[in-house]
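The values are calculated or read from the model by the stated rules, or taken from the named source; none is laboratory data. Because the structure is predicted, anything quoted here is derived from the model rather than measured. Note that each Cβ is placed from the backbone with ideal geometry, even for glycine, and that neighbours are counted across all protein chains shown. For accessibility, only protein heavy atoms count, side chains too; no ligands or nucleic acids. Shrake-Rupley method; radii C 1.70, N 1.55, O 1.52, S 1.80 Å.
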Amino acid sequence: NEPFIPISCDSLGVAVDGGSLGNLDPSLVSNVVRHHVGQVKSCYEHALVVQPSLTGRIKVRWTIHKSGAVCNQRFEEDTLASQSVRDCIARTIQGWQFAPPAGGAVEVVYPFVFLSGEPDASPPAAAR
């Protein structure tokens, strides 16, 4: 498996730093995450085969482009310490499609907690 390289928002035609940020209802973000949480769970379950005691929290920050595509992903916290899970989650999130935000790109911070094989799709820590 090759390391995941996130798509830059610049390549999608939006500058986030210094640019205008848009607005997207946090419940719309939560709905998309909950819809795809099975994919995140699958990433974790594959790692459990090799490391049955694997538990922890991963907090991911990403930008929702004005088109609704995901770009500029980065991990802000990782107590799980599994590169394979990180790469799998990053690839998974990269494929998600959100409603286009009003007024420009939106930054999201979302934590996933992994205990006993079940990820918790907590509400976003921030969506603006």
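Before moving on, here are some points about what is shown:
- For the stretch 30-75, diffusion coefficient by Stokes-Einstein and Kirkwood Rh (Cα), 20 °C, 1.002 mPa s, µm²/s: 172
- With the highest mean first, a sort of the peptides 34-46, 82-94 on other beta-carbon atoms found within 10 angstrom per residue produces 82-94, 34-46.
- Rounded percent of accessible protein surface that carbon and sulfur make up, the stretch 43-121, 1.4 Å probe: 53
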